[in-house]
Amino acid sequence: MQIAIQNGGGLRASIDAGEVTMGEVLTVLPFQNTLSTFEVTGAQIVAALENGVSQVEEGAGRFPQVAGMSFTVDLTQEPGSRISNVMVGGAPIDPEATYGAVSNNYVRNGGDGYRMFRDAMNAYDYGPDLADVTAEYLAENGPYTPYTDGRITVNK
């Protein structure tokens, strides 16, 4: 998989510093969404990002949290023309290329307006629960130190 995209509304809480409990993970990820893998074009990814920032003024939960990619959002532009500088793995996105993606089954099936993922190629929506994946990652890679790395640039 080259990219990951998660709707911000699917992340329901923060985790305090210190030891992370399974209860805290379940508070962050309470919906029992499963891990979904699929393939989409670069054009579909850009459309997904446009969707994700289309209702940012209303605080909508569709805002995209991403990995494996970066982008710029210009909030002075009209919805549908706010995304630019999309990079995947350090290279400009190719609208015609196919990319491997991972998300949750809610987003992959069109939730929060991500309809462009409904027709994804090689979709598999029955992976493990996101809370379980997160807990396993933290257990194997802890302690975890949060950081930002400039994946999302916002121009206001």
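The values are calculated or read from the model by the stated rules, or taken from the named source; none is laboratory data. Since we're looking at a predicted model, the values are computed, not measured. Please note: Cβ atoms are built from the backbone with ideal geometry, for glycine as well, and neighbour counts cover all protein chains shown.
Listed by first and then second residue, the pairs with beta-carbon distance under 9 Å, at least 6 apart or on different chains, first residue in the stretch 3-30 and assigned to a loop (DSSP other than H, G, I, E, B), second basic (Lys, Arg), are LEU29/ARG12; PRO30/ARG12.
The C-beta contact set for the stretch 129-151 (first residue touching a residue at least 60 places away in the same chain (Cβ under 8 Å), second residue in a helix (DSSP H, G or I), distance under 7 angstrom, 6+ apart or interchain) comprises ALA131/VAL25; ALA131/LEU26; THR134/VAL25; ALA135/MET22; ALA135/VAL25; TYR144/LEU138.
The number of residues in the stretch 72-130 being farther than 12 Å from ILE45 by Cβ, outside any strand (DSSP E or B) and within 14 Å of the chain's Cα centre (by Cα) comes to 10.
Scanning the stretch 136-146 for residues that are in a helix (DSSP H, G or I) and either surrounded by 16 or more Cβ atoms within 10 Å (Cβ to Cβ) or under 18 Å from the mean Cα position of the chain (by Cα) (or both) yields TYR137, LEU138.
Quick check, is THR72 touching a strand residue (DSSP E or B) at 6+ places or on another chain (Cβ under 7 Å), surrounded by fewer than 21 Cβ atoms within 10 Å (Cβ to Cβ), modelled with pLDDT of 95 or more and closer than 20 Å to MET121 by Cα? Taking the combined requirement at face value, the residue does not satisfy it. State whether one or more residues within the stretch 42-51 are outside any helix (DSSP H, G or I), in contact (Cβ under 8 Å) with a residue 12 or more places away in the chain and either at negative phi or small (Gly, Ala, Ser) (or both). Taking every residue of the stretch 42-51 in turn, none turns out to be outside any helix (DSSP H, G or I), in contact (Cβ under 8 Å) with a residue 12 or more places away in the chain and either at negative phi or small (Gly, Ala, Ser) (or both).
Given the structure, is TYR124 of a type in the set (Phe, Trp, Tyr), under 24 Å from LEU26 (Cα atoms) and either touching a Leu at 6+ places or on another chain (Cβ under 8 Å) or touching a residue at least 12 places away in the same chain (Cβ under 8 Å) (or both)?
yes
Set side by side, the residues VAL133, VAL66 differ, and just one is in a strand (DSSP E or B), of a type outside the set (S, T, N, Q) and either crowded, with 18+ Cβ neighbours inside 10 Å or at pLDDT 95 or above (or both), which is VAL66.
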